[in-house]
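To start, the structure under review is shown below, and the notes come after it.
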Amino acid sequence: MMHGTVFLYTDFGLEGPYVGQMRAAIAREAPGLAVVDLCHDLPPFRPRGAAYLLAALAPELPAGCVCAAVVDPGVGGARDAVVLEADGRRFVGPDNGLLAVVARRAREARWWTLAWRPERLSASFHGRDLFAPAAARLAAGLEVALAPRDGRAHVGADWPEDLAEVVYVDRFGNAMTGLRAAGLAPDARIEAGGRVLRRARTFCDVPPGEAFWYENANGLVEIAVNQGRADAALGLAPGAPVRVLA
């Protein structure tokens, strides 16, 4: 049974009209659906990093929901539109790797090519015209044309299990990486921004101004400075490499 909820995950930002237009498209297609903004300040044009963050966030989404995920620098080009069902959650987005890590970590995953098309499809805004209304239709139980797809053929199928780089910097300057902390030894050190960092449990376990790494609430290695900004202190930005030291 579907929950009738659509989650939005984009690099559009909240400053302009784009998220509002996606919400309007959902309301037109299936009035009454709940819409939740999962994230809209993803690093622009970086589906690879966004894929590892989405995989960390996905387990918190309710079973039966639909997530419209749009980080799509190839919009209007040759890339396919796809639907992924992973452990009872469905994801709609471009076949550029954005959904690949969710699929890999799922116990059960199935892929389809999204064959449904709206009456109007602009060349440059598939988030509004294709992915949002398709997600709405799926969440509402309306007909959506899907073609079965080989689960091994999608972009990102050959990406590493974890990504040793910064994938997101939050408003506090904390730098999330694509590394899962569960795979690291408790005393592992992380090299980032030319510094070697030790692990702490949380911010108040180190003095103010000290840089460290910790396992964040979504299970990722996150680099932080207690009461400071890790991005400024260590020169970190999305795409910056990190290295696990023995």
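No value in this document is a laboratory result; all are computed from the given coordinates. The shown structure was predicted, so the numbers you read here are calculated from the model rather than taken from an experiment. All Cβ positions, glycine included, derive from the backbone under ideal geometry; neighbour counts span all protein chains shown.
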Report summary line: As a Kirkwood estimate from alpha-carbon pairs, the stretch 5-149 has a hydrodynamic radius in angstrom of 14.7 Å
Report task. Compute the length gained on full extension between residue 28 and residue 78: take 0.36 nm times their separation in residues and subtract their Cα-Cα distance, giving the result in nm to one decimal. Result -> 15.2 nm
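With a/c under 1.5 counting as rounded, go ahead and sort the stretch 163-245 into rounded, prolate or oblate using the C-alpha gyration tensor (a ≥ b ≥ c being the square roots of the eigenvalues; past the cut-off, prolate if a/b is larger than b/c, else oblate).
On the way: a/c = 1.34, a/b = 1.07, b/c = 1.26.
Taking the square roots of the gyration eigenvalues as a ≥ b ≥ c, the stretch 163-245 is rounded.
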Report summary line: Within the chain, excluding any GluC sites (Glu not before Pro) found in a DSSP loop (not H, G, I, E or B) and having at most 11 other Cβ atoms within 10 Å, the longest uninterrupted segment runs 144-246
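How much of the DSSP beta bridge set in the stretch 5-149 is antiparallel, as a percent to the nearest 5? Kindly include the intermediate steps, with their values, before the conclusion.
Details: 15 of 28 bridges.
Beta bridges within the stretch 5-149, antiparallel portion: roughly 55 percent.
Assign one of three labels to the stretch 128-176, namely rounded, prolate or oblate, based on the Cα gyration tensor with a ≥ b ≥ c the square roots of its eigenvalues; rounded applies when a/c is under 1.5, prolate when it is not and a/b is larger than b/c, and oblate otherwise.
Values: a/c = 4.02, a/b = 1.52, b/c = 2.65.
Oblate shape, in that a/c is at least 1.5 and b/c is the bigger or equal ratio.
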Query raised in the report: Along the stretch 138-151, what does the Karplus equation 6.51 cos²θ - 1.76 cosθ + 1.60 (θ = phi - 60°) give for ³J(HN,Hα), rounded to whole Hz, x for Gly and Pro?
Result: 4, 5, 8, x, 8, 5, 9, 6, 10, 10, x, 9, 5, x
Query raised in the report: residue 124 label point, 7 Å along Cα→Cβ, cut-off 15 Å on backbone N: hits in the stretch 66-92?
Result: 72-77
**Report entry** DSSP-assigned coil residues among trypsin sites (Lys or Arg not before Pro) in the stretch 122-170, each with at most 11 further Cβ atoms within 10 Å
**Finding:** 152
Query raised in the report: Top mean-square fluctuation among 113, 202, 177, Gaussian network model of the chain, C-alpha springs under 10 Å?
Result: 202
Report summary line: Mean shadow area (nm²) of the C-alpha convex hull around the chain is 13.6 nm²
Query - Separation between Cα centres of the stretch 37-73 and the stretch 192-227, rounded to whole Å - result: 24 Å
Query raised in the report: If amide H atoms are built 1.01 Å from N in the plane of the peptide, which residues on other chains or at least 5 residues away come under 5 Å of the amide H of residue 146?
Result: 115
Report summary line: Summed over the other residues with a beta carbon less than 13 angstrom from that of residue 33, with K and R at +1 and D and E at -1, the charge totals +2
Query - Contour minus Cα-Cα distance for residue 217 and residue 117 (0.36 nm per residue) - result: 32.2 nm
Requested in this report: Name the residues whose placed amide hydrogens come within less than 5 Å of the amide hydrogen of residue 210, ignoring near sequence neighbours (fewer than 5 apart) on the same chain.
Outcome: 226
Report summary line: Given a Förster distance of 30 Å, the FRET efficiency implied by the Cβ-Cβ spacing of residue 150 and residue 204, rounded to the nearest 0.05, works out to 0.05
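Using only alpha carbon pairs under 8 Å that are at least six residues apart, calculate the relative contact order of the stretch 163-245 and give it in whole percent. Don't skip to the end; give the middle numbers.
Working: 186 pairs, mean separation 33.1, N = 83.
That works out to 40 percent.
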